[in-house]
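Scroll down for the structure; my scribbles are underneath it.
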Amino acid sequence: MTDRGESDDDTLRTGDGVDAGESSTAAETEAGESTTGTETDAEDETREGLESDGGVSEPAPSSPGVAPESVDGLLEGVESAGIEGYNYAYLDEHTKREVRRATLKAIAIPGHQVPFASREMPLARGWGTGGIQVSLSLLGPDDTFKVIDQGSDESVNAANIRRLAETTANVDPTRDTTAASIIQTRHRIPEEVLTDEQILVLQVPTTDPLRKVDGSDDRNRRRHAHQNYSKMWVSLYENVVEWDEIQIGAAYPVLVNGRYLMSPSPIPRWDTPKLHQAETLFLFAAGREARIYAVPPHTDVEPLAFEDKRFQRERFPEACALCGSTDTYRTEVETDDGKRLYACNDTSFCEKRQRDPSIQKAHHVDRDVGWERLEEPAVDAANDGGEGR
Amino acid sequence: MSGPARVERFPDSEADDDVVLRARGIEKQYGSSCGDCVELTGDDAGTNQCPTCGTIVAVADADLELHRGEVLGIVGESGSGKSSLAEILALELEATAGTVDYAGFEGNLLEADYQQRHRLRHEEIGLVHQHIRNGLTLSFTGGGNVAEKLLAAGWRHYGDVRERLTELFEATEVPVDRMDDPTSTYSGGMQRRVQIAKAIANGPGLIVLDEPTTGLDVSVQARVLDMFREIQREEDVSTIVVSHDLGVIRLLADRTLVMRHGRIVESGLTDRILEDPHHEYTQTLINSIL
């Protein structure tokens with residue numbers, strides 16, 4: 001959502017020879033970098049140095065356009081520059097372009113996993129590196145950014161990611177779902193209805209839903225290519241044999257746009273219907289697996305289920321102990337004195353409800369989306385008894 | 001699931017209207033051919049390996065026809081090419097050359113693309129593998145293994161799937177109350193039966209049995225073959241049986257092909273082959289057993 005203007009072109013020219021055209025894939029980019037070895041590293045440093053000069057920080061008059069000669073010299077330059085030694089939004093412009101390009105491709109093919117380079121990030125892979133790269137490649141100075149980790153804005157991981165964006169991209173942080181323009185999330189979709197002006201970025205640990213039925217990505221890619229999902233159906237069948245209903249806790253497999261089988265990342269079943277025909281763009285990014293996929297607005301997202309064994313959301317025995325909600329996803333918590341109670345998982349909305357118990361999930365939009373008024377699902381109304389044990 | 005009425009006829013009849021499958025010039029080579037491999041190998045040459053370039057000619061010049069409701073036996077020693085031929089016809093193996101006309105498919109069956117093969121293998125052609133591991137996912141339940149065929153063919157009603165599975169398990173004499181146990185806990189005979197249940201699940205037009213009795217003791221062999229023969233007659237499904245065991249061929253096959261060194265050396269009614277073998281090799285084969 002931002003561009004750095006002319007210095008952008010410099011970045012590309014001083015790049016390591018990777019073509020900026022559409023054909024440049026993640027694999028090429030990676031290969032291009034690894035083969036040039038240490039020399040490339042030095043060049044990277046050069047680029048970093050140049051960007052620090054021409055970036056959002058005040059221009060440093062000391063070295064206008066002159067490439068420093070040694071790595072030590074470069075490092076010194078970066079160290080003295082502090083936080084200003086980084087490019088806007090942490091990632092270099094080339095990386096952002098590559099991520100955006102993969103993102104656009106993912107939007108064009110809903111549910112299809114698109115490879116991207118997945119750079120090293122300042123935290124371990126598996127901690128949201130994919131989500132961070134997508135968020136940072138989208139953020140501009142006018143954006144308002146919210147990060148949640150399993151519904152909480154205040155987990156260490158969420159707070160740190162938000163701080164990284166705050167310091168490097170100058171965005172306004174927020175905890176209010178309705179105020180955010182971009183929301184990065186781990187394992188939840190917020191309770192409040194999202195609008196067409198918002199983008200949700202989901203962190204994904206395991207991209208391929210077929211992996212649990214077959215460990216071979218090679219064979220699974222072939223299955224996706226030919227829409228051959230019978231192994232996944234067998235796994236659902238066996239699930240019903242065992243439990244008499246489909247019992248998948250999170251990451252419920254969905255068919256996107258009638259074509260690709262997709263893992264919606266480990267969101268609870270509760271959130272799965274929110275993906276269907278939404279107004280919002282959903283982006284899924286896996287840093288470790290270097291894949292991006294997307295559900296564009298107004299796309300069919302259908303949970304796999306049998307005609308007589310329907311998809312069901314979670315059922316909760318009690319209302320939220322804090323706000324009294326019965327129409328939100330709740331988790332069981334144990335208090336210090338050993339009592340067990342249920343509380344809303346989406347803390348930001350729970351706080352709103354505590355202030356105003358009448359507030360609805362669609363309070364800020366003037367339309368019905370279908371799922372937002374759903375209370376507890378009537379137990380097994382959708383399922384006839386069938387056989388089983 | 002009732003097939004067309006069984007027509008009384010000689011199994012050798014050349015009447016075209018009930019030919020389910022016609023194969024011409026099937027050939028499978030392993031290695032880069034020198035061009036003369038087919039001439040330099042075969043029954044007359046006494047080998048299936050090309051003396052010039054070392055290419056293995058697993059099958060060559062194989063022609064055959066299969067009629068509706070007929071059971072065709074393929075017999076021969078190890079390495080004679082019978083399994084290769086069967087796997088080619090079951091779309092498990094790519095042929096080097098040849099054409100196959102099949103009643104349920106337009107064009108050369110051997111040139112079907114992945115998507116078409118996928119459909120054919122799930123709905124038209126059932127294969128019972130020689131090796132159980134190739135045909136079954138042992139970590140799935142027995143029911144799940146058979147259900148895979150139904151689900152691949154688009155069954156989406158759990159109750160209907162269960163009902164059909166019960167039918168199939170009863171037909172193949174697998175205890176229905178073991179249906180929800182992992183296939184790895186089944187005995188060899190049960191696994192073979194589950195494979196047969198899987199092969200017939202979608203009412204295919206052709207079943208290929210590759211060594212259906214491997215690894216089974218004699219009494220179980222007899223029961224599995226008996227069970228299969230009953231189903232085959234009821235469903236009137238055309239079948240190709242590959243075996244090195246003349247007992248199996250005698251019990252199941254109406255007509256038999258004898259293979260050696262990658263070539264079909266003799267073919268005819270099973271009774272005729274067993275009573276009056278013409279080819280020298282067939283004579284040796286039958287004498288060694290009877």
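The values are calculated or read from the model by the stated rules, or taken from the named source; none is laboratory data. Note that this is a predicted model, so its numbers are computed, not measured. Methodologically, a virtual Cβ is constructed for each residue, glycine included, from the backbone with ideal geometry; neighbour enumeration extends over all protein chains shown.
Within region A:299-308, is there a residue that is within 19 Å of A:Pro268 (Cβ to Cβ), of a type in the set (Asp, Glu) and surrounded by 18 or more Cβ atoms within 10 Å (Cβ to Cβ)?
no
Run down A:Val213, A:Val201 and say which single residue is over 26 Å from A:Gln133 (Cβ atoms), of a type outside the set (Lys, Arg) and buried (at least 20 other Cβ atoms within 10 Å of the Cβ).
Among A:Val213, A:Val201, only A:Val213 is over 26 Å from A:Gln133 (Cβ atoms), of a type outside the set (Lys, Arg) and buried (at least 20 other Cβ atoms within 10 Å of the Cβ).
Just one of A:Glu192, A:Glu154 is surrounded by fewer than 20 Cβ atoms within 10 Å (Cβ to Cβ), part of a loop (DSSP other than H, G, I, E, B) and in contact (Cβ under 8 Å) with a residue 60 or more places away in the chain; which is it?
Numbers: A:Glu192 fails: surrounded by fewer than 20 Cβ atoms within 10 Å (Cβ to Cβ).
The unique qualifying residue is A:Glu154.
Restricting to region A:199-237, and then to whatever is assigned to a loop (DSSP other than H, G, I, E, B) and within 13 Å of the chain's Cα centre (by Cα), can you tell me which residue is farthest from the other protein chains (Cβ to nearest Cβ)?
Applying the first criterion (assigned to a loop (DSSP other than H, G, I, E, B)) to region A:199-237 yields A:204-208, A:213-216, A:226-229.
Subset that is within 13 Å of the chain's Cα centre (by Cα): A:204-207.
On the way: A:Val204: 26, A:Pro205: 23, A:Thr206: 19, A:Thr207: 23 Å.
Taking the candidates together, the pick is A:Val204.
Taking the residues in region A:291-334 that are in contact (Cβ under 8 Å) with a residue 60 or more places away in the chain, assigned to a loop (DSSP other than H, G, I, E, B) and aliphatic (A, V, I, L, M) as candidates, determine which candidate is nearest to A:Asp196 (Cα to Cα).
A:Leu304
Tell me, yes or no, whether region A:107-121 has at least one residue that is part of a helix (DSSP H, G or I), in the same structural domain as A:Met262 (by TED's automatic domain parsing) and either modelled with pLDDT under 70 or among the aliphatic types (A, V, I, L, M) (or both).
Yes, the conditions are met somewhere in region A:107-121.
Condition first: more than 10 Å from every other protein chain (Cβ to nearest Cβ) and either assigned to a helix (DSSP H, G or I) or over 21 Å from B:Glu235 (Cα atoms) (or both). Now tell me which residues in region B:147-174 satisfy that. Reasoning before the result, please.
Step one: list which residues in region B:147-174 are more than 10 Å from every other protein chain (Cβ to nearest Cβ), which gives B:164, B:167-174.
B:Arg164, B:Glu167, B:Leu168, B:Phe169, B:Glu170, B:Ala171 - these are the residues of region B:147-174 that are more than 10 Å from every other protein chain (Cβ to nearest Cβ) and either assigned to a helix (DSSP H, G or I) or over 21 Å from B:Glu235 (Cα atoms) (or both).
Can you tell me which condition B:Gln191 does not meet? The list is (1) under 26 Å from A:Lys309 (Cβ atoms); (2) away from chain A (no Cβ under 14 Å); (3) surrounded by 15 or more Cβ atoms within 10 Å (Cβ to Cβ), and all the others hold.
It fails just one condition, (1).
Tell me the residue from A:Lys352, A:Lys309, A:Lys339 that is at pLDDT 90 or above and within 14 Å of chain B (Cβ to nearest Cβ), please.
A:Lys309
For B:Thr284, all conditions in the list (1) crowded, with 20+ Cβ neighbours inside 10 Å; (2) out of contact with any helix residue (DSSP H, G or I) (no Cβ under 8 Å at 6 or more places or on another chain); (3) more than 29 Å from B:Phe169 (Cβ to Cβ) hold save one; what is the number of the exception?
(1)
Which condition breaks for A:Gln247 when tested against (1) within 14 Å of chain B (Cβ to nearest Cβ); (2) buried (at least 19 other Cβ atoms within 10 Å of the Cβ); (3) part of a loop (DSSP other than H, G, I, E, B)?
(2)
For region B:113-150, how many residues meet the condition of being surrounded by fewer than 18 Cβ atoms within 10 Å (Cβ to Cβ) and aromatic (Phe, Trp, Tyr)?
Total meeting the criteria: 1.
Taking the conditions exactly as written (touching a residue at least 60 places away in the same chain (Cβ under 8 Å) and surrounded by fewer than 19 Cβ atoms within 10 Å (Cβ to Cβ)), does B:Ala153 satisfy them or not?
Spelling it out, it is not the case that B:Ala153 is touching a residue at least 60 places away in the same chain (Cβ under 8 Å) and surrounded by fewer than 19 Cβ atoms within 10 Å (Cβ to Cβ).
With respect to B:Leu246, is the statement that it is away from chain A (no Cβ under 14 Å), under 30 Å from B:Glu275 (Cα atoms), surrounded by fewer than 24 Cβ atoms within 10 Å (Cβ to Cβ) and not charged (D, E, K, R) true? Steps first, answer last, please.
Numbers: away from chain A (no Cβ under 14 Å): yes; under 30 Å from B:Glu275 (Cα atoms): yes; surrounded by fewer than 24 Cβ atoms within 10 Å (Cβ to Cβ): yes; not charged (D, E, K, R): yes.
Yes: the conditions hold for B:Leu246.
Could you run through region A:286-298 and say how many residues are of a type in the set (Lys, Arg) and surrounded by fewer than 22 Cβ atoms within 10 Å (Cβ to Cβ)?
1
I'm trying to understand the selection: among the residues of region A:335-350, which are assigned to a strand (DSSP E or B) and over 18 Å from A:Ser155 (Cβ atoms)?
Of everything in region A:335-350, those that are assigned to a strand (DSSP E or B) and over 18 Å from A:Ser155 (Cβ atoms) turn out to be A:Arg340, A:Leu341, A:Tyr342.
Filter region B:93-111 down to the residues that are modelled with pLDDT of 90 or more and outside any helix (DSSP H, G or I) and list them by number.
Our first condition is that a residue be modelled with pLDDT of 90 or more; within region B:93-111, this holds for B:93-102, B:108-111.
Across region B:93-111, the qualifying residues are B:Leu93, B:Glu94, B:Ala95, B:Thr96, B:Ala97, B:Gly98, B:Thr99, B:Val100, B:Asp101, B:Tyr102, B:Asn108.
Restricting region B:128-144 to residues that are part of a helix (DSSP H, G or I) and farther than 23 Å from B:Thr239 by Cα, which is farthest from the other protein chains (Cβ to nearest Cβ)? Walk me through how you get there before you give the answer.
The first filter runs over region B:128-144 and keeps only residues part of a helix (DSSP H, G or I), leaving B:132-135, B:142-144.
Retained after the next criterion (residues that are farther than 23 Å from B:Thr239 by Cα): B:142-144.
Working: B:Gly142: 11, B:Gly143: 7, B:Gly144: 5 Å.
In this case the residue turns out to be B:Gly142.
Only residues that are among the hydroxyl-bearing types (Ser, Thr, Tyr) and surrounded by fewer than 19 Cβ atoms within 10 Å (Cβ to Cβ): list them for region A:309-331, please.
The initial filter retains those residues of region A:309-331 that are among the hydroxyl-bearing types (Ser, Thr, Tyr), namely A:325-326, A:328-329, A:331.
Of everything in region A:309-331, those that are among the hydroxyl-bearing types (Ser, Thr, Tyr) and surrounded by fewer than 19 Cβ atoms within 10 Å (Cβ to Cβ) turn out to be A:Thr326, A:Thr331.
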